[in-house]
1. Within the set of pairs 6+ apart or on separate chains, which have a first residue in the stretch 42-65 that is among the hydroxyl-bearing types (Ser, Thr, Tyr), a second that is open to solvent by less than 70 Å² (accessible area, probe 1.4 Å), and C-beta atoms under 7 Å apart?
2. Go through (1) closer than 29 Å to Thr16 by Cα; (2) touching a residue at least 12 places away in the same chain (Cβ under 8 Å) and name the single condition Asn71 misses.
3. Filter the stretch 4-36 down to the residues that are over 13 Å from Met86 (Cβ atoms) and of a type in the set (A, V, I, L, M, F, W, C) and list them by number.
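The values are calculated or read from the model by the stated rules, or taken from the named source; none is laboratory data. Note that the structure is predicted; figures quoted are calculated from it, not measured. Virtual Cβ from ideal backbone geometry, glycine too; neighbours counted across all protein chains shown. The area values use the complete protein model at the heavy-atom level, side chains included, leaving out ligands, DNA and RNA. Shrake-Rupley method; radii C 1.70, N 1.55, O 1.52, S 1.80 Å.
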Amino acid sequence: MANIKSAKKRILVTRTKAARNKSIRSAVKTSIKKVEAAVAAKDKAAAEEALKNAVSTISKATSKGVYHKNNCARKVSRLSKAVSSME
């Protein structure tokens, strides 16, 4: 355990930020799974709605610094491609 006051604070701040980031990452993964499930079920309307929500969630995570912008773009691109390739 740290003895210096600033080091103790850094530990607390790091725990707080890690918990926040974990929550945001979890929300992104859940939204991605919903899109993939709709695509697997071949439900175009549900997939498009889930995609809209997923893009929003991913963009928010990127703006908060949880994901890099290229990672965000890649995730959105893959989901969009999966939904648009549905018949």
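1. The qualifying pairs are Thr57/Ala27; Thr57/Val28; Thr57/Ser31; Ser59/Cys72; Thr62/Cys72.
2. (2)
3. Those that are over 13 Å from Met86 (Cβ atoms) and of a type in the set (A, V, I, L, M, F, W, C): Ile4, Ala7, Ile11, Leu12, Val13, Ala18, Ala19, Ile24, Ala27, Val28, Ile32.
Here is a yes/no grid of residues against (1) out of contact with any helix residue (DSSP H, G or I) (no Cβ under 9 Å at 6 or more places or on another chain); (2) modelled with pLDDT of 95 or more; (3) of a type outside the set (Asp, Glu):
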| position | (1), (2), (3) |
| --- | --- |
| Asn3 | yes, no, yes |
| Lys9 | yes, yes, yes |
| Ser26 | yes, yes, yes |
| Val35 | no, yes, yes |
| Val55 | no, yes, yes |
| Arg74 | yes, yes, yes |
| Lys81 | yes, yes, yes |
| Glu87 | no, no, no |
